[in-house]
Amino acid sequence: MQNPTEQIRDPLLIAESWMAEGRDVAIATVVETWGSAPRPVGSHLVIDEAGNFEGSVSGGCVEGSVIAEAMDVISQGTPRMLEFGVADETAWQVGLSCGGRIKVYVERLG
Amino acid sequence: MDPYCLKKLNAERRARRAALLLTDLGDGRDRVIKEGDPVAGLLGDAISQAFLSGKSSLAEIEGRSFFLNVHVPPPRLVVIGAVHISQALAPMAKIAGYDMEIIDPRTAFATPERFPDIKLFAEWPQDILEQRPLDPYTAVAVVTHDPKIDDQALERALKAGCFYVGALGSRKTHTKRVERLKALGSSDDEIALIHSPIGLDIGAASPAEIAVAVMAEVIKAFRARGLQTARNLEKTV
């Protein structure tokens, strides 16, 4: 359910307006969650080629990593599936301190 | 994502119509499906289920992996009547996540002092509903007791297929209302959908308690919406 603030800052509407301005855009979508995940399946984060972003796929825990991957997706054009688990699962990976796991699909717009 | 799909999806969302973005995770292709669009086989079943539950999910179908992102409009509550019940209902609707607005042409009732922080229209319902049309994701509660104000809104709510239509008044009042609605052209089936007396039967007495009963009845109707649609689908199959 959306509250009025979310309606104003709707990632998909923002992605469309960015596209109309000629910016290159990637869309990240939560496609699966396990355990306690901060954002529900279907949530979006949209990113432009300069690294500007709107929306969220977690409570801010993994956005940085998703944005970095999204920049690659924008330049290469191939979609990617990212998976994030708890922070201490693997030393090199960012993670979710809440203990949940999420799968995020990142694709280029156009 | 195909830019055309994004535009189409956003257009549906802006128009407050349910839509689903189907993405084939194998090749990245996507398409927009509107509620009621025919899709065959197991994928079609998964899509119907997503519209009913309002939940997005992955689906593995015949060796292919799909993501079904369903967009259902946020529920809206239109209250005809800026009365004491509506004053109690406004903060409750907000807490429950409903976007509420109040319409009442009586300017003495519809004042910002009585209704802070809510969309308020001191106009006739038929004029406002022309600009802000009702739809199946909208609930309508008429609470003025005045047929001149209530009836037009009721008739429009029934025609628009609002998921909830409630009308304040005793059984006797409602009997008279039914006659007037028939004269306005509402069918018996449509009229039977009106919740009257309004609100779940919790023995509500005060305006605030009646507001609780109305809010509960609206939530019940919204959550049962999937079941209703399922029954209709069964009938068509």
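The values are calculated or read from the model by the stated rules, or taken from the named source; none is laboratory data. Keep in mind that what you see is a predicted model, and the values were worked out from it rather than measured. Every residue, glycine as well, gets a Cβ built from its backbone with ideal geometry; the counts of neighbours run over all protein chains shown. Just so you know, the surface numbers come from the protein's heavy atoms only, side chains and all, with ligands and any DNA or RNA stripped out. Shrake-Rupley method; radii C 1.70, N 1.55, O 1.52, S 1.80 Å.
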For the range B:27-133, list the helices (runs of 4 or more DSSP H) that sit wholly inside it and hold at least 3 residues that are touching a helix residue (DSSP H, G or I) at 6+ places or on another chain (Cβ under 8 Å) and open to solvent by 40 Å² or more (accessible area, probe 1.4 Å); which are they?
B:41-53, B:84-95
Do any strands (runs of 3 or more DSSP E) entirely within the range A:12-73 hold 3 or more residues that are open to solvent by less than 30 Å² (accessible area, probe 1.4 Å), farther than 16 Å from A:Gly85 by Cβ and more than 10 Å from chain B (Cβ to nearest Cβ), and if so, which?
A:44-48
Looking at the range B:5-18, can you tell me whether even one residue there is among the hydrophobic types (A, V, I, L, M, F, W, C), part of a loop (DSSP other than H, G, I, E, B) and in the same structural domain as B:Arg132 (by TED's automatic domain parsing)?
no
Quick check on the range B:12-26: of everything there that is within 16 Å of B:Val72 (Cβ to Cβ) and of a type outside the set (Gly, Ala, Ser), which residue is most open to solvent (accessible area, probe 1.4 Å)?
B:Arg14
Out of curiosity, is B:Pro136 on the phi < 0 side of the Ramachandran plot, in contact with a strand residue (DSSP E or B) (Cβ under 8 Å, 6 or more places away or on another chain) and not in a helix (DSSP H, G or I)?
no
Odd one out for B:Ala139, checked against (1) surrounded by fewer than 23 Cβ atoms within 10 Å (Cβ to Cβ); (2) in contact with a Phe, Trp or Tyr (Cβ under 9 Å, 6 or more places away or on another chain); (3) small (Gly, Ala, Ser):
(1)
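B:Asp104: touching a Gly at 6+ places or on another chain (Cβ under 8 Å), at pLDDT 95 or above and more than 11 Å from chain A (Cβ to nearest Cβ), yes or no? Steps first, answer last, please.
Values: touching a Gly at 6+ places or on another chain (Cβ under 8 Å): yes; at pLDDT 95 or above: yes; more than 11 Å from chain A (Cβ to nearest Cβ): yes.
Yes.
Taking B:Thr175, is it open to solvent by 60 Å² or more (accessible area, probe 1.4 Å) and either touching a His at 6+ places or on another chain (Cβ under 6 Å) or of a type in the set (Ser, Thr, Tyr) (or both)?
Values: open to solvent by 60 Å² or more (accessible area, probe 1.4 Å): yes; either touching a His at 6+ places or on another chain (Cβ under 6 Å) or of a type in the set (Ser, Thr, Tyr) (or both): yes.
Here the answer is yes, as B:Thr175 does meet what is asked.
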Name the one entry in B:Val39, B:Val83, B:Val32, B:Val78 that is more than 10 Å from chain A (Cβ to nearest Cβ), touching a Cys at 6+ places or on another chain (Cβ under 6 Å) and hydrophobic (A, V, I, L, M, F, W, C).
B:Val32
If I filter the range B:1-11 down to residues being within 15 Å of B:Leu68 (Cβ to Cβ) and surrounded by 20 or more Cβ atoms within 10 Å (Cβ to Cβ), which single residue comes out as nearest to the other protein chains (Cβ to nearest Cβ)?
B:Met1
